[in-house]
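What follows is one structure encoded as structure tokens, with my remarks underneath.
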Amino acid sequence: MKLLFPLLMAVLPAASVLAQAKDSPQPPAGMPSPKTTEVMVILTAKQGVTLQQIMNVMPAEIRATVKLYLDGKIRQWYSRGDGRGVVLFLDVKTVDEAHEVMDTLPLSKENLMDHEYIPVGPLLPLAGLISGTAQH
């Protein structure tokens with residue numbers, strides 16, 4: 001058990017780099033394709049947008065966001081630690097689906113926010129380590 005943590009710390013960064021490599025969209029041979037289980041959306045106020053512009057739309061934004069949460073489209077949301085926006089985890093399988101959800105929100109309709117879309121899913125190499133199928 002003492003060796004598991006150092007092993008994970010050594011393997012996880014390399015696995016993450018492999019999974020995110022832009023020039024090789026296919027996973028390495030023998031590794032299953034990563035499955036997107038949700039999309040993380042990072043919202044930041046556009047440059048030049050004032051706090052007052054955002055606050056004018058915020059009551060409608062809050063109502064729409066809560067509705068999406070209650071409808072199961074938003075799994076989680078957080079305020080950014082730097083105070084510059086929010087992070088949402090959407091229950092969608094593609095970035096296109098995430099765009100469709102985000103485009104319904106008032107801040108998006110007013111074109112006040114920049115959005116960064118990041119598909120996320122389970123860490124596949126970790127599953128191999130846990131099940132004991134990873135090669136030694």
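No lab work stands behind these numbers, since they all come straight from the coordinates. Computed from a prediction, not measured in an experiment: that's the story for all the values here. Note that each Cβ is placed from the backbone with ideal geometry, even for glycine, and that neighbours are counted across all protein chains shown.
Within segment 49-71, residues that are closer than 18 Å to residue 100 by Cα have Cβ atoms under 8 Å from residues that are assigned to a helix (DSSP H, G or I) and among the aliphatic types (A, V, I, L, M) in these pairs: 61/107; 68/101, counting only partners at least 6 apart in sequence or on another chain.
Restricting attention to segment 37-64, the residues being crowded, with 16+ Cβ neighbours inside 10 Å, outside any strand (DSSP E or B) and touching a helix residue (DSSP H, G or I) at 6+ places or on another chain (Cβ under 9 Å) number 4.
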